[in-house]
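Written below as structure tokens is the structure these notes are about.
The values are calculated or read from the model by the stated rules, or taken from the named source; none is laboratory data. Since this is a predicted model, take the numbers as computed values, not measurements. So basically every Cβ, Gly included, is an ideal-geometry build from the backbone, and we count neighbours across all protein chains shown.
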Amino acid sequence: MDGLRWLLLLFGLLVIAGVYLYSRREKVAADEGAESQHRIEPGMDGIDDPVDEPFLISAAAATDDHEAGDDSTAPDSPQKIVTVRIVAREKKPFPGDELILSMRGIGLRHGKFGIFHRYDGSDEDKTIFSAASLVEPGSFDLQNIQGQVIPGISLFLVLPGPVDSVEAFDLMLAAARTLTQSLDGELLDESGSTLSVQRERYLREEIIQFQHSNLVS
């Protein structure tokens, strides 16, 4: 009788230990899964890629333009955002002061959100395209720019804008090419691939189709 009692006690202890080990393993697996879901892959030398930041800035800028009195387009009309990037070669960052001088040299002006803009004439409520840093939050600290190194910039435009959509795209690309040459950088598309002739044509065709669909609607 005592032997049976000890056998049952030992079996109970084994069951409890098994349940504990199983629950422990499940908890560790759940924690590892949660960590992998929230992990952010680093971009350009450990700097998180702020690809969405210019989108937020441009959308806000476009809303401000509409609220400023541009009655040609309703505030809730469909929008299209087109963006390209300029990065330094061999992952060597641009000196901040040289970058600012280059942007000012092609007519970009520091304005809303602490980024640079190409305006339609002198009206700062009509932004054709903008340029933001690839370092979050995208703004440029002009007071401390000499001590900054910037891995690249994003040029982006919101359509429809104050000028013809295709014209705005061509103006942005012309500015991007000039900056790329003066800074000895690389011109990339929105995904970080080299901006090829084919990709440029595709983007232009997308803009034409977007413009046409807005006219039809």
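Table for the structure above
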{"read-out": "Qualifying residue in segment 50-62 (condition: over 13 Å from G161 (Cβ atoms), among the hydrophobic types (A, V, I, L, M, F, W, C), crowded, with 20+ Cβ neighbours inside 10 Å and modelled with pLDDT of 95 or more)", "value": "no"}
{"read-out": "Search result, residues across segment 111-122 that are within 21 Å of the chain's Cα centre (by Cα) and modelled with pLDDT of 95 or more", "value": "I115, F116, H117, R118"}
{"read-out": "Yes/no for D125 being more than 26 Å from S191 (Cα to Cα), in contact (Cβ under 8 Å) with a residue 60 or more places away in the chain and more than 18 Å from the chain's Cα centre (by Cα)", "value": "yes"}
{"read-out": "Any hit, segment 147-167, residues being more than 18 Å from I86 (Cβ to Cβ) and among the polar types (S, T, N, Q)", "value": "yes"}
{"read-out": "Scope segment 187-207; condition in contact (Cβ under 8 Å) with a residue 12 or more places away in the chain and either part of a loop (DSSP other than H, G, I, E, B) or out of contact with any Asp or Glu (no Cβ under 9 Å at 6 or more places or on another chain) (or both); matching residues", "value": "L187, L188, D189, E190, G192, L195, E206, I207"}
{"read-out": "Residues of segment 66-80 satisfying the condition of being in a loop (DSSP other than H, G, I, E, B), buried (at least 16 other Cβ atoms within 10 Å of the Cβ) and at pLDDT 50 or above", "value": "Q79"}
{"read-out": "Hey, E205 charged (D, E, K, R), modelled with pLDDT of 95 or more and surrounded by fewer than 13 Cβ atoms within 10 Å (Cβ to Cβ) or not", "value": "yes"}
{"read-out": "Strands (runs of 3 or more DSSP E) wholly inside segment 81-180 that include at least 2 residues being under 20 Å from L195 (Cα atoms) and in the same structural domain as E200 (by TED's automatic domain parsing)", "value": "123-133, 152-159"}
